[in-house]
1. Got a number for carbon plus sulfur as a percent of segment 15-66's accessible area, 1.4 Å probe?
2. How large is the Kirkwood hydrodynamic radius of segment 63-108, in angstrom, based on all distinct alpha carbon pairs?
3. Under a plain spin-label model, where a point goes 7 Å from the Cα along Cα-to-Cβ, how far apart in nm are residue 31 and residue 57?
4. What does the charge dipole of the chain about its Cα centre add up to, to the nearest 20 debye, if the Cβ of each Lys and Arg holds +1 and the Cβ of each Asp and Glu holds -1?
5. If the elastic network links every pair of Cα atoms under 10 Å, which of 44, 17, 93 fluctuates the most in the Gaussian network model of the chain?
6. Among 65, 88, 49, which one shows the highest mean-square fluctuation when the chain is modelled as a Gaussian network with alpha-carbon springs under 10 Å?
7. What longest range of the chain stays clear of loop-exposed GluC sites (Glu not before Pro) (DSSP non-H/G/I/E/B, at most 16 other C-beta within 10 angstrom)?
8. Over the Cα atoms of the chain, Rg to Rh with Kirkwood Rh, two decimal places?
Amino acid sequence: MKEEVILFQSISALDSVLKDRKIIQISYNEQKYALTRFGTRVFVFEPKCPHFDYPLVEASVNGACRVVCPWHGYQFDLSTGQELIDRCRPLSVQEATWNADGQLVTQL
């Protein structure tokens, strides 16, 4: 069962750790996740490429809001998880949101 997890206590805490289109790895309950920011949006996604398990912390985020795996160039839309030309299963991804207390949260 998923539970709400606080990723950052404030926008300033987010700003100090995560720059636009940078990917970092986080851990929660012994599971690893990737985290990126695209403008004002923040996404949490699986840490390895669905195509061939390459670590996505080494990937980039392009100007079209897609994670681009450096190994084979697969591109995953951060809004939907879909690979650009459907060559493999979608990336498991969800968008984090700001709660009423000003905390960035997601369901993990």
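1. After summing per-atom areas, the C and S share lands at 46 percent.
2. On the way: mean 1/r = 0.0834 Å⁻¹.
The answer is 12.0 Å.
3. Distance between label points: 1.8 nm.
4. The dipole of the chain has a size of about 260 debye.
5. Most flexible of the set in this elastic network: 17.
6. 88
7. Result for the longest clean stretch: 31-108.
8. 0.96
The values are calculated or read from the model by the stated rules, or taken from the named source; none is laboratory data. None of these values were measured; they are calculated from a predicted model. We place every Cβ from the backbone using ideal geometry, glycine too, and count neighbours over all the protein chains shown. In case anyone asks, the SASA skips ligands and DNA or RNA and just uses the protein heavy atoms, side chains included. Shrake-Rupley method; radii C 1.70, N 1.55, O 1.52, S 1.80 Å.
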